[in-house]
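What follows is calculated from the coordinates using simple rules that are stated; it is not laboratory data. This one's a predicted model, so the numbers in the text were calculated from it and none came from an experiment. In this analysis, Cβ positions are derived from the backbone assuming ideal geometry, glycine residues included, and neighbour counts consider all displayed protein chains.
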Amino acid sequence: MEDSAIIDLYWSRDQRAIEETAGKYGSFLHSLVWNILHSRGDAEECVNDTYLRAWNAIPPARPAALRAWLGRIARNLSLDRWKAGQTQKRGGGAAEVLLGELDDCVPALHGVEKQLEDQEIAALISAFLRRLPAESRVIFLRRYWYGQELADIAAERRCGVGKVKSSLFRTRKALRAYLEQEGVIL
């Protein structure tokens with residue numbers, strides 16, 4: 001079913017919208033959430049919460065890119081769940097490693113009063129990523145958006161883990177320099 005038809009189901013408050021969403025994007029959402037949480041139960045809850053958020057947001061929202069919109073909801077929910085788990089128990093995890101790798105090139109988290117500044121930084125990062133060669137952009141997004149393991153990225157790109165690590169290092173370094181050039185205080 002086309003995304004526009006699924007969105008129409010949400011707008012008409014037809015419960016088949018959730019079934020169609022799960023059928024079309026369920027495995028994508030599970031994979032995305034699993035890469036952050038590494039827990040089947042938590043992943044299942046986050047995916048179900050994603051469907052609930054979509055149900056509550058459409059209408060009035062009418063996402064232009066349903067897959068990306070759902071992915072963002074699922075990713076945010078899983079990061080929130082991961083952070084909540086970290087406050088209960090201090091310990092290393094996959095998401096902590098991912099976020100730690102980006103500490104050098106993105107500013108610290110801000111409160112609500114800095115939301116506009118955060119949106120400007122997000123726009124700068126998007127502009128930076130659009131300027132990258134496709135290979136570097138894909139590796140960066142696979143690691144930091146989808147949370148994939150280095151070995152999985154290397155296998156997907158048919159290269160060595162060392163090449164992936166080098167690409168990520170160079171991209172983080174370039175991102176830091178770009179943001180500093182644009183006046184972002186890190």
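Whole-Hz Karplus values for the range 54-63 come out as 4, 4, 6, 8, 10, x, x, 5, 9, x Hz, taken residue by residue from phi with 6.51 cos²θ - 1.76 cosθ + 1.60 and θ = phi - 60°; glycine and proline positions read x.
Extending 7 Å from the Cα toward the beta-carbon at both Ala123 and Lys24 defines two label points whose distance is 3.0 nm. Here the extension length gained between Ala61 and Ser166 equals 33.8 nm, from 0.36 nm per residue of separation less the Cα-Cα distance. Pairwise Cα separations in the range 3-90 fall into 5 Å bins from 0 onward with the following percentages, short to long: 3, 16, 27, 23, 15, 9, 5, 2, 1. The trypsin sites (Lys or Arg not before Pro) of the range 6-44 that DSSP puts in a loop, and whose beta carbon has at most 11 other beta carbons within 10 Å, are Arg13.
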